[in-house]
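Please treat every number below as a calculation from the coordinates, not as lab data. For clarity, every value in this text was computed on a predicted model and none was experimentally measured. As a convention, Cβ positions derive from the backbone with ideal geometry for all residues, glycine included, and neighbour counts pool all protein chains shown.
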Amino acid sequence: MVTVVAAATSEARRAELVSLFNAVSSCTSCRLAETRTQVVFGSGNADAELMFVGEAPGFHEDQQGLPFVGAAGKLLEKLLGEIGLTRDDVFIGNVLKCRPPGNRDPLADEIEACQSHLFRQIELIQPRAVVTLGNFATKLLSGSTAGITRVHGQQQKVRLGESEVLLYPIYHPAAALYTQAMLGVLEEDFRRLPELLGNEQTPVASATAAPEPSEVTSTETAAVEEATQLGFF
Ligand code: URA
């Protein structure tokens with residue numbers, strides 16, 4: 001009985017995530033809507049225990065509509081592989097859902113306009129740990145101005161909306177691409193992830209049990225099937 005309720009809740013959260021995806025896809029809350037090719041909502045396991053939050057889509061992400069598909073994404077996938085995970089085991093998103101022109105830094109008003117999407121994603125996915133990649137995600141989700149050089153590798157419990165999550169800041173993979181010393185630190189921080197989740201032997205993705213048919217509406221089922229076909233989550 002308990003299992004049935006948990007499974008239905010998980011499926012309902014996923015359907016909500018699909019609704020959010022549809023709403024955010026046409027967002028015009030800030031100036032980036034005028035220059036983006038498409039919104040990059042995020043992708044991966046909608047029921048992930050581990051969520052990664054980067055800064056903003058770059059050129060390739062803006063073209064493909066998926067996060068971390070360029071050089072930094074390749075490094076992120078390699079690091080995930082070293083701890084026995086693929087990007088399908090985790091959820092990957094960004095502070096900003098649209099590419100800033102020329103890959104400039106996010107502006108304060110853009111972060112403000114976009115942040116509710118990220119907070120809602122976290123609320124719906126309910127990860128146990130959120131790994132912030134670099135300064136922008138770390139400062140937003142920790143609510144502190146302390147920079148990544150000071151706080152990388154230091155986990156802390158934070159309350160984000162309804163959820164309490166373990167926040168774990170690490171260097172942004174793009175920063176580590178060209179700086180060997182930073183890459184070493186990033187690898188070292190990354191290797192602590194299974195231990196942080198108390199999961200040193202097995203991949204950290206949680207199994208998605210089949211929903212109880214009577215508790216999922218046909219609209220929810222259709223929306224979930226559509227998202228699956230699109231390959232987002
Ligand atoms: N850098 C980010 O912060 N996010 C992406 O999606 C790609 C590169």
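Computed quantities for the displayed model
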quantity: Phi-based couplings in Hz for segment 28-33 (Karplus 6.51, -1.76, 1.60; Gly and Pro marked x); calculated: 10, 6, 9, 4, 5, 4
quantity: Extended-chain gain in nm, criterion 0.36 nm per residue less alpha-carbon gap, Q155 and L196; calculated: 13.9 nm
quantity: Nitroxide proxy distance, nm - points 7 Å out along Cα→Cβ at Y178 and E164; calculated: 4.3 nm
quantity: Mean Cβ neighbour count within 10 Å, used as a protection proxy, ranking 150-160, 43-53 highest first; calculated: 43-53, 150-160
quantity: Protection proxy ranking of 82-88, 95-101 - average other beta-carbon atoms within 10 Å, highest first; calculated: 95-101, 82-88
quantity: Proximal charge balance of C27 [Cβ under 15 Å; K/R count +1, D/E count -1]; calculated: 0
quantity: Gap separating the Cα centres of segment 42-74 and segment 171-189, nearest whole Å; calculated: 18 Å
